[in-house]
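Report on one structure; see the data block that follows.
The values are calculated or read from the model by the stated rules, or taken from the named source; none is laboratory data. Here the structure is a predicted model, which means the values were calculated and not measured. No Cβ is skipped: glycine too gets one built from the backbone with ideal geometry, and neighbour counts run over all protein chains shown. Note: accessible area is taken over every heavy atom of the protein model, side chains too, but ligands, DNA and RNA are not part of it. Shrake-Rupley method; radii C 1.70, N 1.55, O 1.52, S 1.80 Å.
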Amino acid sequence: MSKILLIAEHANGQLNVSAVAKTVSAASAIGGDVHIAILSPDGQAIAAQAARIAGVSKVLTVDNPANDHALAAILAPQIVELAGGGYTHVLFPGTTFGKDLAPRVAAKLDVQQVSDIMAVHSATSFDRPIYAGNAIVTVEAPASPLILATVRLASFQAAAAEGGGAAVEAVKIDAVLPTHTRFVKLEAQKSERPDLQSANRVVSGGRALASSDNFKIIYELADKLGAGVGASRAAVDSGYVPNDMQVGQTGKIIAPELYFAIGISGAIQHLAGIKDARTIVAINKDSEAPIFEVADFGLVGDLFTLVPELTSKL
Ligand code: FAD
């Protein structure tokens, strides 16, 4: 039977419940015992949140002041020690956190990482996207010494965040931590809007917005819908919005119920980020734009007229 270690993402004393619960679903599809590891200075409160997720049998807390910030260089040696506890799989959410950390752990364990699991066929066989999501490959990973993978969150429904009753156990790790990497400061965008990666609704703007001031109409529509805001790479590269808003192959992969692509042509690299969106609405003045090939609803016209009109009617 599989014994699966899942590395939890958390910040400011809060578990990233959505990311962890989706990774738990992938772990449950593999089957076996699912343990969640919380590496932090004081993991009790975070562990209590993790223990309530359905399908988790144990939560391990690794308390260390060095874990105050999620530095991959610091966390990796501790995870290597943990993984030595007879685990068959080590899973990471496929977020920036997981994508940063997993390759270091894989290198230290000398195993080849399986990236972006989107479906589980067995304990060793998985689907993952290649060529920017244009093709899906089924991989068979060697079971020994263990399987290490990141999980594509857009492909899994979250396990129930309440109802579980996992045991919480404190673990002491003696790993030697490197001193060459240290936390200096965090510069992050603060937003009252829903988080782009977990929002049910997302409104994205593209190059056609032509300035950061014009993006105001995107924010107004998003606020009416209670939506997160995204952008194409062209909008990011042009400096209209910060790069953490980029949706696509080299940005965020998202799976909202409702996605608005406004003034976005629909390049394959953008579409790679919205493959799992449920309903896609496109607004574009070019009726031949490729975005209309994937859109469920399309409005052909000038966004500077259509978007304010839509917002006022909602
Ligand atoms: P454009 O392609 O210029 O489209 C603008 C659209 O706006 C056009 O369809 C036009 O008809 C429409 N328009 C113009 N004016 C109006 C108006 N007034 N009203 C209505 N519609 C209007 N792109 C991403 O988005 N995400 C990625 O992660 C990403 N990764 C990449 C990785 C690689 C390796 C490469 C090579 C490219 C990547 N790209 C990515 C870039 C991608 O190829 C496109 O260049 C980009 O998505 C185009 O952005 P856009 O649709 O905003 O701009």
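Our summary gives the chain a relative contact order of 15 percent, counting only alpha carbon pairs under 8 angstrom and 6 or more residues apart. If only the Cβ of Lys and Arg carry +1 and only the Cβ of Asp and Glu carry -1, the dipole of the chain around its Cα centre is close to 120 debye.
Here the Debye sum runs over all C-alpha atoms of the chain as equal scatterers in vacuum, and log10 of I(q)/I(0) at q = 0.14, 0.15 Å⁻¹ comes out as -1.06, -1.16. The GluC sites (Glu not before Pro) of segment 247-314 meeting both criteria, a DSSP state outside H, G, I, E and B (loop) and at most 13 other C-beta atoms within 10 angstrom of the site's C-beta, are Glu257, Glu288.
Across all Cα atoms of segment 3-170, the radius of gyration (one decimal) and Dmax (whole number) stand at 14.6, 43 Å.
Report the trypsin sites (Lys or Arg not before Pro) located in segment 223-314 that are in a DSSP loop and have at most 13 other Cβ atoms inside 10 Å of their Cβ, or state none. Counting only loop positions with at most 13 other Cβ atoms within 10 Å, the trypsin sites (Lys or Arg not before Pro) in segment 223-314 are Arg278. Considered as an equivalent ellipsoid built on the Cα gyration tensor, segment 157-265 has semi-axes of 34, 22, 12 Å, the largest given first. In terms of accessible area, using a 1.4 Å probe and ignoring ligands and nucleic acids, His10, His180, His89 rank largest first as His180, His10, His89.
Note on the chain: GNM, Cα springs under 10 Å; of Ala19, Ala54, Ala154, the largest mean-square fluctuation is that of Ala54.
For segment 82-236, the share of alpha carbon pairs falling in successive 5 Å distance bins from zero is 2, 7, 11, 14, 16, 14, 14, 11, 6, 4, 1 percent.
With Cα atoms as the point set, segment 201-313 shows a radius of gyration and Dmax of 12.2, 34 Å. With angles folded into 0 to 90 degrees, how steeply does helix 96-109 sit against the dominant principal axis of the chain? Use alpha carbons for both and round to 10. Taking Cα atoms only, the helix is inclined about 40 degrees. Under the simplified labelling scheme, the Lys185-Ala45 pair shows an inter-label distance of 2.5 nm, with each label point 7 Å from Cα along Cα→Cβ. Across segment 177-269, Cα pairs under 8 Å and at least six residues apart give a relative contact order of 34 percent. In the structure shown, the pairs Lys58/Lys224; Lys99/Lys190; Lys216/Lys252 are assessed against 32 Å; a Cα-Cα span above that value is assigned to Lys58/Lys224. Between Ile130 and Ala66, the contour length at 0.36 nm per residue exceeds the alpha carbon distance by 19.4 nm.
In the chain, the portion of solvent-accessible area held by carbon and sulfur atoms comes to 49 percent [1.4 Å probe, whole percent, DNA, RNA and ligands not counted]. Annotation note: chymotrypsin sites (Phe, Trp or Tyr not before Pro) in segment 214-300 located in DSSP loop regions with a Cβ neighbour count of at most 12 within 10 Å are absent. Taking all protein chains into account, the per residue accessible area for segment 1-149 stands at 39 Å² (1.4 Å probe).
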